[in-house]
Amino acid sequence: MGGDYAPEETVKGAVLAAQQGDVEIFLVGSANILENHLARHATARNASIHITPATDFIAENESPVAAIRYRPDCSVAVAAKMVKSGEADAFVSAGNSAAASVSAIQYIGMVDGIYRPSIVGALGSFAPNTVMVDLGANVDCKPHQYLDFAIVGSVYAKQFLGIAEPTISLLSTGVEESKGSEAVREAHSLLKKSGLNFIGNIEGNQGLSGKANVIVCDGFVGNVLLKFYESIGGHALGWTQRKLKKYPFAGFFAKLLFNRLFQATRISDETEKGGGGILWGVDGVVRIAHGASRAPHIANAIESAMNAVRARTTDSLKSELEKYSQGGKA
Amino acid sequence: MTVEEQIREIVARITRVDPSIITRESTFKDIKADSLDVVQALVAVEELFEIEIPDEEAQKFQSFGDFVSYVESRVSKAGKV
């Protein structure tokens, strides 16, 4: 069991999730430690929380490859195997996200036609009909991965935003197909020929315009952009308050404006809704939670994993890929 | 299917390249395999042939041919072919 505040906050989050919803939870990790922590939260719903022992774990700074090469009994590997065997419908991890991803690839496997897992997120307030993928699962990408991201993003936009035929754009440094890195230029050519609803490159300044329902980029760019985007509301509030320092009441209104009326400071909550944080492309549901997750975040992550199971995201992706392989539009 | 063909199939499936471009002279870099591809291929080969490939041996593989030769020698020693 991983996470900056594990096991205390993680166990607390699991108890919270069990109190809020109809869910059976397996805490995977050191049995003694987990039993001690669970005993501190004696509630009637604890009957739906079980402990699955794992003798090993992958630390945050360790190589994720260790999870499949040398440490098959680490907690993320055990959790992934539970999903593969059908003992669990989903697994949630706030620990080493690369190790969770590698375990998912190795022990659960990928949906046929998808190379590596990716993370999709809806941009929310400023661009309610736009999702971005990948948000950090793949820092270095091969050109064909951008095609996977486009398909995955398209399924997400249909399923969680209700867009019948999402438009897809490739994030680049210019709208011309000759712009961008070598991988981006090759990806452009693959997307153009793909039969997907690809509308060409999009630049950063058009990302929030709503032109593209799915913005495709590598995980390095996506992660940097997402964190920058999520920070805008907070910085705008701080900047406005500093400017209005002389007028205390106006400062109060700024707070009301940014925190309540437009909720620009809560963009990160929005990107996590729906299928956010899910490792798309894995043949099962895997939800990555922030390393710094506290109990409510863990409970949210569990709920979002449950939503993905209920929404049958994996089946939707498979049927979309089926259409795509038959030459139809995904 | 020979050991070489089986390994080629595994490597091609994992790296998503056309098996015909993988020759004995190909390096992992040639086929744009990253470290996770390589480890997945090692694990898959270990499972298929029921052998263990120590890291120090795997690190010596300069080409696909080196990988195949090592596995062939291990498999033939174990009398699996």
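Read-outs throughout are calculated quantities, based only on the coordinates presented, and are distinct from any laboratory measurement. Note that the structure is predicted; figures quoted are calculated from it, not measured. Note: ideal-geometry Cβ built from the backbone for every residue, glycine included; neighbour counts use all protein chains shown.
What is the average number of partner chain Cβ atoms found within 10 Å of a Cβ in A:135-144?
Values: counts 0, 0, 0, 1, 0, 1, 0, 7, 1, 2.
Mean partner shielding for this stretch: 1.
Please report the net charge: other residues with Cβ closer than 12 Å to the Cβ of A:Asp56, K and R +1, D and E -1. Counting the neighbours of A:Asp56, the net charge comes to -1.
Considering only A:Asn129, A:Asn205, A:Asn32, the mean-square fluctuation computed in a Gaussian network model of chain A, springs between alpha carbons under 10 angstrom, is largest for A:Asn205. Across A:Gly29, A:Gly277, A:Gly21, mean-square fluctuation computed from a Gaussian network of chain A (C-alpha pairs under 10 Å connected) peaks at A:Gly21. The GluC sites (Glu not before Pro) of the stretch A:91-182 that DSSP puts in a loop, and whose beta carbon has at most 15 other beta carbons within 10 Å, are A:Glu176. The mean sequence separation of alpha-carbon pairs under 8 Å and at least six residues apart, normalised by the residue count of chain A, gives a relative contact order of 23 percent. Highest mean packing comes first when the peptides A:236-247, B:29-40, A:290-301 are listed by Cβ atoms within 10 Å, giving A:290-301, B:29-40, A:236-247. Sparsely packed loop sites in chain B (the GluC sites (Glu not before Pro) outside DSSP H, G, I, E and B with at most 15 other Cβ atoms within 10 Å) comprise B:Glu25, B:Glu50, B:Glu52. Could you tell me which of rounded, prolate or oblate describes the stretch A:1-66, using a ≥ b ≥ c as the square roots of the eigenvalues of the alpha-carbon gyration tensor, with rounded for a/c under 1.5 and, failing that, prolate when a/b is larger than b/c and oblate otherwise? Cα axes put the stretch A:1-66 in the prolate bin. For the stretch A:53-200, the relative contact order comes to 15 percent (Cα pairs under 8 Å, sequence separation of at least 6).
The alpha carbon convex hull volume per residue for the protein assembly as shown rounds to 168 Å³. A Förster radius of 35 Å combined with the Cβ-Cβ distance from B:Ser63 to A:Ile33 puts the calculated FRET efficiency at roughly 0.15.
Taking amide H positions as modeled 1.01 Å from N, with prolines and chain starts lacking one, the residues under 5 Å from A:Thr130 and 5 or more places away or on another chain are A:Leu123, A:Gly124.
Computed from the C-alpha gyration tensor, the three semi-axes of the ellipsoid equivalent to the stretch B:3-77 are 17, 13, 12 Å, from longest to shortest. The amide H of A:Leu27, built 1.01 Å from its N in the peptide plane, has A:His50, A:Ile51, A:Thr52 as neighbours under 5 Å, considering only residues 5 or more places off or on other chains. Applying the Karplus relation 6.51 cos²θ - 1.76 cosθ + 1.60 with θ = phi - 60° to the stretch A:89-103 yields 3J(HN,Hα) values of 7, 7, 10, 10, 9, 10, x, 4, 5, 5, 5, 5, 5, 5, 4 Hz, where x marks Gly and Pro.
Measuring between alpha carbons in the structure, the pairs from A:Lys158/A:Lys318; A:Lys192/A:Lys227; A:Lys192/A:Lys323; A:Lys227/A:Lys255 lying more than 19 angstrom apart are A:Lys192/A:Lys227; A:Lys227/A:Lys255. Evaluating 6.51 cos²θ - 1.76 cosθ + 1.60 at θ = phi - 60° for every residue in the stretch B:53-62, the Karplus couplings come out as 9, x, 4, 4, 6, 4, 5, 7, 5, 8 Hz, glycine and proline recorded as x. Taking amide hydrogens as placed 1.01 Å from N in the peptide plane, the amide H of A:Gly200 sits under 5 Å from those of A:Leu170, each at least 5 positions away in sequence or on another chain.
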